[in-house]
Amino acid sequence: MRLCRQSDHNHHKHHRRFGHHSQLDPHTTTITTVAIAGKTFTAELAGKNVLPAVETSATGAVSFTVDATGTRVHFVLEVSNITDAVAARLHVGRAGANGQGLLILFPGPTKAGTFTGVLAEGNFNASALIGSLAGKTIADLVALFESGRAYVNVGTVKNPKGEIRGQIGGTSTSTSAPALSSTSTTLASSATTTLTSSTATTSPSAAAGSTTSTTSPSTSASSSSTVT
């Protein structure tokens with residue numbers, strides 16, 4: 001009986017001494033967000049990357065920068081010589097494979113005519129993510145970027161499923177990024193499109209946590225064709 005009591009005594013002493021390690025668990029999220037803060041991921045878009053490949057002179061570039069808190073991302077999508085762009089999305093999928101949408105970058109309306117410039121720019125947090133990332137975190141999105149399992153696709157009236165595509169690189173650059181404001185800077189128009197995970201509405205300022213996209217003053221009615 002003495003041995004049993006001594007064993008129990010040692011067991012309780014062990015928990016009193018080492019039980020504090022379990023207190024680290026609540027800080028896991030904080031550690032993760034700090035690790036991804038300030039990282040920037042980029043991609044170059046071209047018709048040859050689309051499946052199947054598309055012959056087009058249009059090109060593009062996109063960048064995603066995680067803010068200082070590790071919970072919000074600023075993106076810029078630029079295109080060159082693209083005609084009648086209808087939509088742009090971030091998708092899950094490796095090079096050579098198509099996948100479902102994760103984030104709406106440009107919901108329309110159709111950018112009528114041939115356009116060169118910033119197609120969309122904005123800020124978003126995890127609540128804007130859709131598809132397999134719905135309910136997940138910005139850290140989960142960054143994990144896809146770092147593993148090379150995400151791409152951006154821009155669709156047009158002629159090629160609604162994608163005219164140009166670019167794979168987000170598996171490498172990143174870290175910068176000293178300031179915390180992002182709740183709205184994006186309007187570049188070419190007083191109209192700012194506020195997106196939720198599934199709908200888009202027009203608002204003079206973007207709601208916190210939503211994706212905001214800058215659009216040009218000259219746009220036609222939205223096309224029914226969208227990037228898949």
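Here are the numbers:
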{"quantity": "Answer residue from the range 145-156, given it is of a type outside the set (F, W, Y) and under 11 Å from the mean Cα position of the chain (by Cα) and is surrounded by the fewest Cβ atoms within 10 Å (Cβ to Cβ) among those", "calculated": "A150"}
{"quantity": "Within the range 76-85, tally of residues that are surrounded by fewer than 23 Cβ atoms within 10 Å (Cβ to Cβ) and at negative phi", "calculated": "4"}
{"quantity": "Residue that is modelled with the highest pLDDT [pool: residues in the range 17-51 that are of a type in the set (K, R) and surrounded by fewer than 17 Cβ atoms within 10 Å (Cβ to Cβ)]", "calculated": "K48"}
{"quantity": "In the range 70-108, the residues that are farther than 21 Å from G169 by Cβ and not in a strand (DSSP E or B)", "calculated": "T71, P107, G108"}
{"quantity": "Selection within the range 97-121 - touching a helix residue (DSSP H, G or I) at 6+ places or on another chain (Cβ under 9 Å) and among the small types (G, A, S)", "calculated": "G99, G101"}
{"quantity": "Residue, nearest to the chain's Cα centre (by Cα), within the range 86-144, restricted to residues that are within 14 Å of V62 (Cβ to Cβ) and surrounded by fewer than 18 Cβ atoms within 10 Å (Cβ to Cβ)", "calculated": "V118"}
{"quantity": "Criterion: modelled with pLDDT of 95 or more and in contact with a strand residue (DSSP E or B) (Cβ under 6 Å, 6 or more places away or on another chain) - qualifying residue of A97, A206, A134, A120", "calculated": "A120"}
{"quantity": "Test result for D67, in contact with a Pro (Cβ under 8 Å, 6 or more places away or on another chain) and either without any contact (Cβ under 8 Å) to a residue 24 or more places away in the chain or under 21 Å from A35 (Cβ atoms) (or both)", "calculated": "yes"}
{"quantity": "Residue check, V54 in a loop (DSSP other than H, G, I, E, B), of a type in the set (V, I, T) and at pLDDT 50 or above", "calculated": "yes"}
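The values are calculated or read from the model by the stated rules, or taken from the named source; none is laboratory data. Remember, it's a predicted structure, so these values are computed and weren't measured experimentally. Backbone-built Cβ (ideal geometry, glycine too); neighbour counts: all protein chains shown.
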